[in-house]
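Notes for the one structure printed next.
Bear in mind these aren't lab numbers, they're just calculated from the coordinates by the rules spelled out. Predicted model, so just to flag it, every value in this text is computed and none were measured. Every residue, glycine among them, receives a Cβ derived from its backbone with ideal geometry; neighbour counts consider all protein chains shown.
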Amino acid sequence: MLRITTLYDNYVRSSLPGLRSGWGFSCFIEYDDKVVLFDTGADGQTLLDNAERLRIDLREVQVVALSHDHGDHTGGLTGFLTVNPSALIYLGRSFGPAVKGMVQSHGGRLMEVGSAMGLVPQIFTTGELGRGVKEQSLVLDVDARLVVITGCAHPGIVEIARFAKNEFGSDVYLVMGGFHLSGMPEKRVRSIAEELKEQGVQKAAPSHCTGDGAIAVFREVFGGGFAEGGVGKVIEL
Ligand SMILES: [Fe+2]
Ligand SMILES: [Fe+2]
């Protein structure tokens, strides 16, 4: 069974008291006996506190994947390493020396990612995509349907979803995370949401840097396939 719990986001989507929002993204993925953390948010204490409130034990994490070298995705890593120094940390080759040095100074184990590869059975990375800010996204194979999780989607959410579909040979069922559409004209956002649907994407859970206006457009275009993203959100498949 797959269970994805959002630990860090610009929004809180849970009535559980004490959860905090913050600019950034992180989600905790349990897939059968595999446990993966995707991104760490901006602030370690917020990550640790939200995890505790959600009864998530970060010591169970076997693998951490960092989408890209921006502080709102990597800033919580120091806090994470204080509770779990043994997880294997996958980051892109394009990362600068700061995060790598920090991992090494905490005795953490680093793996550099270039192109698409498997992290654990059924969980893959797209590898670093994009011409500007290079970024990796996670791809989960759930009974030959794909779940794509993006940090900021700097390479473009349509391009990332298309890459996943071509590289892994199945339709993308769900896209979630930051889609980086803030401030984009509504018409352009609408065509992006519609293009994802045309690719076969059935569900979308945009959050983080997607922007309120763009999230509203996705809600309209995806209808029953739309889900609100945010801290405390749990997706089970
Ligand atoms: Fe971001
Ligand atoms: Fe970013």
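The figures follow:
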read-out: Looking only at the stretch 205-233, and only at residues there that are hydrophobic (A, V, I, L, M, F, W, C) and within 13 Å of the chain's Cα centre (by Cα), the one that is surrounded by the most Cβ atoms within 10 Å (Cβ to Cβ); value: Val231
read-out: Pairs with Cβ under 7 Å, 6+ apart, first in the stretch 68-79 and within 15 Å of Leu37 (Cβ to Cβ) and hydroxyl-bearing (Ser, Thr, Tyr), second part of a helix (DSSP H, G or I) and near ligand 1 (Cβ under 8 Å from one of its atoms); value: none
read-out: Within the stretch 53-67, considering residues that are away from ligand 2 (no atom under 16 Å from the Cβ) and in a loop (DSSP other than H, G, I, E, B), the one surrounded by the most Cβ atoms within 10 Å (Cβ to Cβ); value: Val61
read-out: Residue list for the stretch 69-98, restricted to those being touching a Gly at 6+ places or on another chain (Cβ under 6 Å), within 16 Å of ligand 1 (Cβ to nearest atom) and not acidic (Asp, Glu); value: His73, Gly76
read-out: Test result for Leu146, part of a strand (DSSP E or B), touching a residue at least 24 places away in the same chain (Cβ under 8 Å) and within 16 Å of ligand 1 (Cβ to nearest atom); value: no
read-out: Of all residues in the stretch 186-228 being closer than 18 Å to Val158 by Cβ, touching a strand residue (DSSP E or B) at 6+ places or on another chain (Cβ under 6 Å) and part of a loop (DSSP other than H, G, I, E, B), the one that is nearest to ligand 1 (Cβ to nearest atom); value: Val201
